[in-house]
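To start, the structure under review is shown below, and the notes come after it.
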Amino acid sequence: MMSQPSTLGALNDSGWRDRSVKDELRENFVARVRGGGELFPGIVGYEETVIP
């Protein structure tokens with residue numbers, strides 16, 4: 001397991017980038033659509049009635 005950065009400089013050097021919640025949600029959604037995964041698990045019938 002990799003150790004977590006302990007300083008701000010180490011965090012910046014690790015390549016981590018700040019993302020807004022909106023950007024993170026969008027990236028996760030696009031990845032799930034491309035991967036063919038279930039978009040809204042637990043919501044029965046959503047894919048058949050809402051998504052064209």
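Computed from the coordinates by the stated procedures, all read-outs in this text should not be read as laboratory data. These numbers come from a predicted model, not from an experiment. So basically every Cβ, Gly included, is an ideal-geometry build from the backbone, and we count neighbours across all protein chains shown.
Neighbours of GLU27, meaning other residues whose beta-carbon lies under 12 angstrom from its beta-carbon, give a summed charge of +4 when Lys and Arg score +1 and Asp and Glu score -1. Taking 0.36 nm per residue of separation and subtracting the current Cα-Cα distance, fully stretching the chain between LEU11 and LEU39 would add 6.9 nm.
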